[in-house]
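Chemist: Can you read through this structure? Questions will come right after.
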Amino acid sequence: MKGLKSTRQAPAASPNEMLRIAGAAAPQQPSAIARTNGAEKSAMLSVRLTEATLDALADYALQQGTTQRRVIAEALAFRGIEVAGRDLEDRPPPRRRGSNRS
Amino acid sequence: MMILTIASSKGGPGKTTMAELIVCSLASEGVNVIALDADPTGGLSRWATRLYEGPTFACHHEADEARLAHLIHRVAQEADVVVVDTAGFGNRAATVAMTAADAVLIPMVPGEGDVTEAARTVELVAGVASAARREIPSRVVLNRVRSSTALSRHAAAEAGPLPKLEAGLSDLVAYGEMGFSGRMPTGKAGAEAAALIAELRTIGFLPAAVDNTTSVKTKYVKTTRLGR
């Protein structure tokens, strides 16, 4: 394996930042792939976790300025599970658990 | 780690060919390179999976912009060089790939439409760099050039104000054959590819190689499933 001298000046932007910048630079651009109605259908998943875990999740999402749903989707994607692109987007504002905590 | 995005808002200027050449060249040197195919047609990943014959590199196909952003973020931590091939029209996945890039390479064939779209792509990269508040250099690279023709000379002159590479690819069948043979071209085409890589290194679009090669891995191309 060749050793390489990195020339990168700054760390890579986060995925959320990449999407934000791309949206700001070219807001009218379409997605590269057509979205079908079937792929857009959503369903509920209910899981029971300890309150401490849920509080930690809520705190983390608040700290990141994102939703708990997106934090979970990102964790799944990181594990190599195929996550729909829409689930990785920041859509509804953070609310419910932890939203009124200071 | 470096991310090189190959983009153009026009189809057919040789983005995938350029990506194949660069990835192939780096892999043959033993560089830890990962290819990302952000084109929904999946030309690069299909080539890498079914036809490519050479030292290993991983190739992932993802055209959904949100999933692509996460994929780039993940593989950037695994590879020395990430090469992203994009679709030939203005689309969000290509812009995300520009946003993540350290540099953007814009292939251009001789033709009025190609010069116009190359200029638009240069402008888009500048817009992305502005939104990202960092420098994202771009270079146009001429492809399918017939140096003896007035058309090639005229197109080169029209593209004069654009940032261009000295290196370019001639109109050689060897590049088309690579698409079917899966092998790196030799002879004049091989020399042109080497000159392209050398110039990309000189201008900092690719990291300089340090000669501590131990071995080149045998072929193993990994791909992920196609994006919807």
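The values are calculated or read from the model by the stated rules, or taken from the named source; none is laboratory data. Since the model is a prediction, treat every value here as computed from it, not as a measurement. As a convention, Cβ positions derive from the backbone with ideal geometry for all residues, glycine included, and neighbour counts pool all protein chains shown. When the accessible area is computed, the model is the full protein with side chains, heavy atoms only, and any ligands, DNA or RNA have been set aside. Shrake-Rupley method; radii C 1.70, N 1.55, O 1.52, S 1.80 Å.
Chemist: Identify, among A:V71, B:M108, B:V81, the residue whose Cα sits farthest towards the positive end of the charge dipole of the protein assembly as shown, taking +1 on the Cβ of Lys and Arg and -1 on the Cβ of Asp and Glu, with the dipole about the Cα centre.
Modeler: Working it through, the farthest residue towards the positive pole turns out to be A:V71.
Chemist: In addition: How much of B:C24 can a 1.4 Å solvent probe reach, expressed as accessible area in Å² and rounded to 10?
Modeler: My reading of the accessible area for B:C24 is about 10 Å².
Chemist: Moving on to the next point. Which sequence of B:K164, B:K188, B:K15, A:K41 reflects their accessible areas, 1.4 Å probe, from the largest down?
Modeler: Details: B:K164 65, B:K188 130, B:K15 15, A:K41 165 Å².
Largest accessible area first, the residues go A:K41, B:K188, B:K164, B:K15.
Chemist: Then there's this: Please report the accessible area of B:I136 (heavy atoms, 1.4 Å probe, ligands and nucleic acids excluded) in Å², nearest 10.
Modeler: Surface accessible to solvent at B:I136 totals approximately 10 Å².
Chemist: Relative contact order (percent) for chain B, with alpha-carbon contacts under 8 angstrom and 6 or more residues of separation? Can you show the working numbers first?
Modeler: Numbers: 459 pairs, mean separation 68.0, N = 228.
Relative contact order comes out at 30 percent.
Chemist: Could you order B:E177, A:E82, B:E199 by accessible surface area, starting with the largest, using a probe radius of 1.4 Å? Before the final figure, lay out each step's value.
Modeler: Details: B:E177 105, A:E82 85, B:E199 30 Å².
Listed by decreasing accessible area, they come as B:E177, A:E82, B:E199.
Chemist: Pick out which of B:A195, B:A63, B:A94 has the largest mean-square fluctuation in a Gaussian network model of chain B, springs linking Cα atoms closer than 10 Å.
Modeler: B:A195
Chemist: Under a 1.4 Å probe, what is the accessible area of region B:2-208 per residue, stated in Å²? Before the final figure, lay out each step's value.
Modeler: On the way: 7210 Å² over 207 residues.
Here the residues of region B:2-208 average 35 Å² of exposed surface.
Chemist: Can you give the calculated 222 nm mean residue ellipticity of chain B, where each DSSP H run of n ≥ 4 adds -39,500 (n - 2.57) and the sum is split over every residue, rounded to the nearest 500 deg cm²/dmol?
Modeler: The per-residue figure over chain B is -13000 deg cm²/dmol.
Chemist: Need one number: buried accessible surface between chains B and A, 1.4 Å probe, both sides summed, DNA, RNA and ligands left out, in Å² to 100. Mind showing how you got there, number by number?
Modeler: Working: alone 10720 and 9250 Å², together 16180 Å².
Summing both sides, the interface buries roughly 3800 Å².
Chemist: B:R134: accessible area at probe 1.4 Å, nearest 10 Å²?
Modeler: 70 Å²
Chemist: Let me ask something else about it. Put B:H60, B:H154, B:H70 in order of accessible area, largest first, 1.4 Å probe: what do you get? Please report the intermediate quantities before stating the final value.
Modeler: Working: B:H60 5, B:H154 110, B:H70 30 Å².
Heavy-atom accessible area, descending, gives B:H154, B:H70, B:H60.
Chemist: Over the Cα atoms of region B:59-211, what Rg and Dmax result, in angstrom?
Modeler: 16.2, 46
Chemist: Moving on to the next point. DSSP H helices in chain B with Cα extent of 24 Å or more along the helix axis and mean Kyte-Doolittle hydropathy at least 0.0?
Modeler: Values: long enough: B:112-132 (30 Å, 0.47).
Correct list, ordered by number: B:112-132.
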